[in-house]
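Have a look at the structure below before the remarks.
Here, each number is a calculation from the coordinates, and none is a lab measurement. What you see is a predicted model, and the numbers here were worked out from it, not measured in a lab. No Cβ is skipped: glycine too gets one built from the backbone with ideal geometry, and neighbour counts run over all protein chains shown.
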Amino acid sequence: MKSAYKHWQYKAGAAALALVTTGAAIGAWQHFRDPAPLTVGDGLTGPKDMVWIAGGEFAMGSEHPHALPNERPAHEVKVHGYWIDRYDVTNAEFARFVAATGYVTTAERKPRWEDLAVQLPPGTPRPTDDTLVPGALVFTGTDAPVALTDYSRWWKFVPGANWRHPTGPGSNIVGKETHPVVQVSYEDALAYARWDHKRLPTEAEWEYAARGGLEQADFAWGNEFSPRGKKMANTWDDTARPFPVTVERNSHEKVQVGTTPVGRFAPNGYGLYDMAGNVWQWVADWYRADAFRIESASARVVSNPQGPASSFDPENGPTAYAPERVTRGGSFLCSETYCISYRTSARRGTDPMNGMSHLGFRLAMDESDWERQRASSR
């Protein structure tokens, strides 16, 4: 399970911002465009609870000192118009899908050794069949500060953890119908998308939508993490306790951390909720750490990029070419001292067969698909 969580250490540089794109400078902390009038589908004039994104050109990636190498360089990308879910897919919505189809998620199935082996160093011995049991990765936290170099200190594989029981058999989603569904793999997200006649957004579509009309701003709402002291997303609060400590100071009582209902925080400029924090979100692309460098090499505007043909993640060492899909947006576990991946350009690769207790998704749809769907319903 080594690819469960990457240690994206905060690496703020002191150098001035390099405003370099494809041959021209980017105006870093300015509005790229005024957000278009909000168009939200009502099921008649557009797909219900989806927002129309008109499309356009933008600087994808970042040259901010916070940016990691996999976010660089900022480069010009063009996307066509598309619809995208206003909210992450919720527990209630996923439950309707399962009730209608009988679908069984990857976390509810016995793991296949071939799926595990590809993520492990060559020569790793096969475990016995009795240890290959359904389950998923759960954030467990620690009772004291620890070195932030070993995620196994706060992540555990928990038998019986799945979307119905996000932190293990003793947990449930009763009362959390409007929380984002978690413990869903890339495969699970695709299955839901097919049932709902939608698709996962590309990485470019996701970032364009997340920026909400802001050019090169660090966050979905602007450049200041807490404008006027206002909390803008469900993220880890370092002032309350250092990541990953989940025990109150001077107490043995464990602090509960996790998802919040979708839409609790203010939307971005395109009317989209939770494009930062709460849960990581699957997108369609294979993950390559050097994808942006490859895209920018042509010095031309990249139109509707669909991502690389395969994965490459040098942080994985001997399994650098193991399959990974891009996840975006950060989660309730991201903090300023450990992982600031609630930034709009932040990205990481994730094992597509993994379910995790801070990983969900939202979907997109092409206008042509909506028109066909509407025509077939007449």
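List of remarks:
- With both residues required to sit in the chain, DSSP beta bridges show an antiparallel share near 80%.
- The calculated FRET efficiency for the pair Arg300 and His252, based on their C-beta separation and a Förster distance of 56 Å, comes to about 0.40.
- Length gained on full extension, Leu132 to Asp196: 19.9 nm, using 0.36 nm per residue less the C-alpha separation.
- Segment 147-190, relative contact order in percent, only Cα pairs under 8 angstrom and at least six apart counted: 27 percent
- Only Lys, Arg, Asp and Glu carry charge here, each on its Cβ (+1 for the first two, -1 for the last two); on that basis the chain has a dipole of about 320 debye about its Cα centre.
- With helices as the sole contributors, the chain gives -3500 deg cm²/dmol at 222 nm; each DSSP H run of n ≥ 4 counts as -39500 (n - 2.57), and the sum is divided by every residue.
- Positive-end extreme of charge dipole, the chain - chosen from Gly102, Tyr342, Thr202 (charges on Cβ): Gly102
- Relative contact order (percent, whole number), the chain, Cα cutoff 8 Å, 6+ residue spacing: 25 percent
- Filtered GluC sites (Glu not before Pro), segment 132-238: DSSP coil and at most 16 other beta carbons within 10 Å: Glu177, Glu224
- Residues Arg109, Arg241, Arg348, arranged from fewest to most other Cβ atoms within 10 angstrom of their Cβ, appear as Arg109, Arg241, Arg348.
- Each Cα pair of the chain feeds into the Kirkwood radius, which the Stokes-Einstein equation turns, at 20 °C and 1.002 mPa s, into a diffusion coefficient of 101 µm²/s.
- Low-density loop positions, chymotrypsin sites (Phe, Trp or Tyr not before Pro), segment 303-378 - DSSP coil, at most 14 other Cβ in 10 Å: Tyr321
- Local electrostatic count at Trp370 - Lys and Arg +1, Asp and Glu -1, tallied over other residues with Cβ under 14 Å: -2
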